[in-house]
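Take a look at the structure below.
The values are calculated or read from the model by the stated rules, or taken from the named source; none is laboratory data. This structure is a prediction, so every number in the text was calculated from the model and none was measured. FYI the Cβ positions are ideal-geometry reconstructions off the backbone, even for glycines, and counts take in every protein chain you see.
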Amino acid sequence: MIFTPETAILGLGPDFFDPVQPADFPQTILRFRNDRAAAEVGLDGLSDADWCRHFGRFAPLPGSLPQPLALRYHGHQFRTYNPDLGDGRGFLFGQCRDQRGRLLDLGTKGSGTTPYSRAGDGRLTLKGAVREILATEMLEALGVNTSRTFSVIETGEALARNDEPSPTRSAVLVRLNHSHVRYGSFQRQAFHQNREGLTRLVDYCLTHLAPQASGPTPVAALVDHAVQGAARMAAQFMAAGFVHGVLNTDNINITGESFDYGPWRFAPAWDAGFTAAYFDHYGLYAFGRQAEALQWNLFQLGGALRLIAETDELKGPLETYPQRYRAALSDAMLGRLGAKRLGPAEDEALVAAMQKALVATQMDPDRFFFDWRGGVRRGPSPADHHYSHDAFTDFQALIGDFASGAPSHPYWADAAPCTMLIDEVEAIWAPIASADDWAPLHAKLAAIRRMGEAHRAG
């Protein structure tokens, strides 16, 4: 793959971004480079020195953006509208095409202050960067449509933070994803009554990000695309047992990719009330409310687009969210199970039986999907006592028809599934913090990628 640079974002015009300068860091110590992702955009051949020059010092990629751009947007934060947002510790560094021809963004986190930093220092802790590596790698392995951590470089600064031991080490992260155009990008244009800018943003998305979208009008086509993406995201979160933590409209992009990982968690049990963020006092973004949260966000996107569209253009696709979510949930749950598909009604019945059993037993969902991969029960298992519970009666009565056969990848013969609970995250970080020992992180990443291979193999 040859690197194919792009500058499509510049066509939106200066109302959508501010050119900024990256921070001048004391050091650039390469800690993680995602050569698997780099190979898909033709950047895997960079030397480590050039990698640090581009992704630590932010020398422009040849033919791509000549200067970093802090994107402008607004957003609802825990359902309170905030017009003072924008890229506050990151920027859009470059754009390129992948091997499928898709336009991709290289965006940063922790790259310095911008006009939208407010009281922040524009930095990222090294621990936060390690956590984002783990989140994105785990989600990718589980089949979730996610941004990918492309690079992490330690920067040699000591940061003060109120919610963790300080001073702490700093890093700059680069992510690769399909778009950094957020719902909040549309909200900003609507807030300023910029009809022409909103129309231009819709055209940009349809041309560069969703050329396959269809509908009676351009706005309807884009909303339809957003609904499908949001339904898929919510369903994939559920099947992965994942809680994003901060599903604000400035953290949801128009392409339906999960990104911007802060206080994320994988749920230890199928608990609808399980939350990731300590500041989510009312459980707004709890595990079981993520589908609702994403639907609410879609309504805010629709509200912004009313500036240039009739209500009926928006109503049609927005009303399809519930059934699309149900279909996506079947896809995601049966996909993780590796089971056959029988039909919408039958699939939904099995999903309902799975959820009933997981809620009643509060067993580890990773163990459940591991033990029943392919729809075939393998044992013995530490969870055997759960499978004899009455709550599993409906599931066991149905699963035989969905069985696709025992999987062949050796991962499925392991003693336990690969997991990513908070205690594991802390255990991986501890040796980095105390002894600069990165071996446990590398071992975990190898295990996660092996699990991903097993899922893709069937």
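Within the range 19-30, residues that are touching a residue at least 12 places away in the same chain (Cβ under 8 Å) and part of a strand (DSSP E or B) reach partners that are surrounded by fewer than 20 Cβ atoms within 10 Å (Cβ to Cβ) and of a type in the set (D, E, K, R) with beta carbons closer than 7 Å, at six or more positions or on different chains, in the pairs LEU30/ASP48. Restricting attention to the range 346-379, the residues being over 24 Å from the mean Cα position of the chain (by Cα), buried (at least 22 other Cβ atoms within 10 Å of the Cβ) and assigned to a loop (DSSP other than H, G, I, E, B) number 2.
The set of residues in the range 90-112 being over 18 Å from the mean Cα position of the chain (by Cα) and touching a residue at least 12 places away in the same chain (Cβ under 8 Å) consists of PHE93, GLY94, GLN95, CYS96, ARG97, ASP98, GLN99, SER111, GLY112. Which numbered condition trips up ASP84, out of (1) over 22 Å from LEU104 (Cα atoms); (2) touching a strand residue (DSSP E or B) at 6+ places or on another chain (Cβ under 6 Å); (3) surrounded by fewer than 20 Cβ atoms within 10 Å (Cβ to Cβ)? Unmet condition: (2).
Reported count of residues in the range 142-201, each being part of a loop (DSSP other than H, G, I, E, B), at negative phi and surrounded by fewer than 24 Cβ atoms within 10 Å (Cβ to Cβ), is 14. Within the range 244-259, does at least one residue satisfy the condition of being closer than 20 Å to PRO322 by Cα, at pLDDT 95 or above, in contact with a Pro (Cβ under 8 Å, 6 or more places away or on another chain) and β-branched (Val, Ile, Thr)? Looking for residues that are closer than 20 Å to PRO322 by Cα, at pLDDT 95 or above, in contact with a Pro (Cβ under 8 Å, 6 or more places away or on another chain) and β-branched (Val, Ile, Thr), one finds none in the range 244-259, hence no. Can you find, within the range 64-86, the residue that is nearest to GLN300 (Cα to Cα) among those that are out of contact with any Gly (no Cβ under 8 Å at 6 or more places or on another chain) and part of a loop (DSSP other than H, G, I, E, B)? Ranking the qualifying residues of the range 64-86, first place goes to ARG79.
Close contacts from the range 31-49, counting a first residue that is under 14 Å from ILE133 (Cβ atoms) and a second that is of a type outside the set (A, V, I, L, M, F, W, C) and surrounded by 17 or more Cβ atoms within 10 Å (Cβ to Cβ), with Cβ to Cβ under 6 Å and a gap of 6+ residues or different chains, come to ARG31/GLU154; ARG33/SER151; ALA37/ARG148.
Number of residues in the range 92-126 that are in a loop (DSSP other than H, G, I, E, B) and on the phi < 0 side of the Ramachandran plot: the value is 14. Scanning the range 113-163 for residues that are small (Gly, Ala, Ser), closer than 28 Å to PHE17 by Cβ and without any contact (Cβ under 8 Å) to a residue 60 or more places away in the chain turns up SER117, ALA119, GLY120.
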